[in-house]
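Notes follow the structure.
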Amino acid sequence: MTGGPEAGPRHVAIIMDGNGRWAQARGRPRLFGHHAGAKRVREVVECCPALGVKYLTIFAFSTENWKRTQVEVAGLMSLFRRYISKEMKALATKNVRVRFIGDRERLDKKLIQLMDALERETADNDRTHLTIALNYGGRDEVARATKRLAQDVASGKLDPESVDEETLPRYLDTCVLPDPDLVIRTSGEARISNFLLWQSAYAEYEFIDTLWPDFTAEELARLCQGYGGRDRRFGAVKT
C-alpha cells in the first residue's frame, strides 16, 4: 500500500501540548494557556472537512494529569464544563459528532452529564467525528478492555480459542472508530505519552515545535499534505 498526494489522512489524532509553557512565556498562569488552547480546537475542527479529515481525536486530559496541582486540575475541569456548554450548539449546527473516550468514573457528575448531553445532541451528525480523550490513558484503556473481554470469556459469551488481534479492538473505547493515520504532537516533545497505544501501531507521527495555542489550520494542512506523500507499506515490500 502506498500513499500519494491524493491520499491524505482520514483520521488525525493530536496530543495538544504546550499550553502551560505558552502562558508562562507571556507571564500568565498556566490556566490562561489552557483557555487559549481550547479556543484553538474550534479552528482545527472547522478546517477538517476541507482537508479530507473525517475523524479528529484530541488528547484533552490524561490519567496522569491528576498529578498536577489541585488548582490546575480544578481549573481544567471547569474549563471542560464551560467548553461543552458553550460549544454544544455550534458543534451540532456544523454537523460534528462528538464522542468522549476514557474512564469517566473519576470525573464529577456535572461534567459527565454535560458529556452525555453533547454525545446525544450530536449523535446523528456525520460531517466530522470529533473524539475527545478525557481522563484517558492508553494502558488504562487496554486494561479496561481486557477486563471486559475476560468477563465475556468467563460468562461463556466469548470462546477463548477465538480471541486474536481482531478481538480486543472491539472492547476498546475507540471500537467504532478507524485507527488514526496521523498522530501529531505539538510543543517539541517527542513522546506519545500513553495515547492510543493499540490504535497507533501503523500511524505516522509528526512531532512539531509549535505550542498548541499557536497551532493553525495552515499547519495542519501542511502536515496532512506531507502525510499524503509518504510511502506506507504496512510491513510489505514495495514492488
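The values are calculated or read from the model by the stated rules, or taken from the named source; none is laboratory data. The model shown is predicted, which means the values in this text are computed figures rather than measured ones. Positions of Cβ are generated from backbone atoms using ideal geometry, with glycine treated the same way; all protein chains shown enter the neighbour counts.
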Worksheet item: Is it the case that some residue within region 38-46 is free of Cβ contacts under 8 Å to residues at least 12 places away in the same chain, charged (D, E, K, R) and in contact with a Lys or Arg (Cβ under 9 Å, 6 or more places away or on another chain)?
Response: no
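Quick check on region 192-203. Is at least one of its residues exposed (fewer than 13 other Cβ atoms within 10 Å of the Cβ), free of Cβ contacts under 8 Å to residues at least 24 places away in the same chain and touching an Asp or Glu at 6+ places or on another chain (Cβ under 9 Å)?
Within region 192-203, one or more residues are exposed (fewer than 13 other Cβ atoms within 10 Å of the Cβ), free of Cβ contacts under 8 Å to residues at least 24 places away in the same chain and touching an Asp or Glu at 6+ places or on another chain (Cβ under 9 Å).
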Worksheet item: Among the numbered criteria (1) within 25 Å of Gln199 (Cα to Cα); (2) over 17 Å from the mean Cα position of the chain (by Cα), which single criterion is violated by Lys94?
Response: (1)
Worksheet item: Considering only region 177-218, how many residues are aliphatic (A, V, I, L, M) and in contact with a strand residue (DSSP E or B) (Cβ under 8 Å, 6 or more places away or on another chain)?
Response: 9
Worksheet entry | Scope region 209-220; condition of a type outside the set (Phe, Trp, Tyr) and either buried (at least 16 other Cβ atoms within 10 Å of the Cβ) or in contact with a helix residue (DSSP H, G or I) (Cβ under 6 Å, 6 or more places away or on another chain) (or both); matching residues | Thr210, Leu211, Pro213, Ala217, Glu219, Leu220
Discussion item. Being closer than 17 Å to Leu79 by Cα, touching a helix residue (DSSP H, G or I) at 6+ places or on another chain (Cβ under 7 Å) and either without any contact (Cβ under 8 Å) to a residue 24 or more places away in the chain or hydrophobic (A, V, I, L, M, F, W, C) (or both): is that true of Leu114 here?
Written reply: yes
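Listed residues Asp164, Asp181; which is within 21 Å of the chain's Cα centre (by Cα) and of a type in the set (D, E, K, R)? Write out each step before concluding.
Working: Asp164 fails: within 21 Å of the chain's Cα centre (by Cα).
From the options Asp164, Asp181, the qualifying one is Asp181.
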Worksheet entry | All positions within region 121-148 that are of a type in the set (Lys, Arg) and within 17 Å of Tyr83 (Cβ to Cβ) | none
Discussion item. Against the definition (surrounded by fewer than 18 Cβ atoms within 10 Å (Cβ to Cβ) and either acidic (Asp, Glu) or modelled with pLDDT under 95 (or both)), how does Asp179 come out, yes or no?
Written reply: yes
Worksheet, complete the sentence: Selection over region 84-104 where residues are surrounded by 14 or more Cβ atoms within 10 Å (Cβ to Cβ), closer than 25 Å to Trp66 by Cα and among the small types (Gly, Ala, Ser) yields a count of 1
Worksheet item: So Ala60 clears everything in (1) surrounded by 18 or more Cβ atoms within 10 Å (Cβ to Cβ); (2) aliphatic (A, V, I, L, M); (3) over 22 Å from Ala217 (Cβ atoms) except one condition, right? Which one?
Response: (3)
Practice prompt. Inspect all residues belonging to region 15-29 and state whether any of them is of a type in the set (Val, Ile, Thr) and closer than 22 Å to Pro178 by Cβ.
Written response: yes
Worksheet item: How about region 56-99: which of its residues are touching a Ser or Thr at 6+ places or on another chain (Cβ under 7 Å) and assigned to a strand (DSSP E or B)?
Response: Leu56, Thr57, Ser62, Val96, Arg97, Val98, Arg99
Response to the item:
Within region 124-146, the residues that are without any contact (Cβ under 8 Å) to a residue 60 or more places away in the chain, surrounded by 12 or more Cβ atoms within 10 Å (Cβ to Cβ) and not in a helix (DSSP H, G or I) are Asn125
Worksheet item: Looking at Leu149, Leu158, which is the one that is crowded, with 16+ Cβ neighbours inside 10 Å, aliphatic (A, V, I, L, M), out of contact with any Lys or Arg (no Cβ under 7 Å at 6 or more places or on another chain) and part of a loop (DSSP other than H, G, I, E, B)?
Response: Leu158
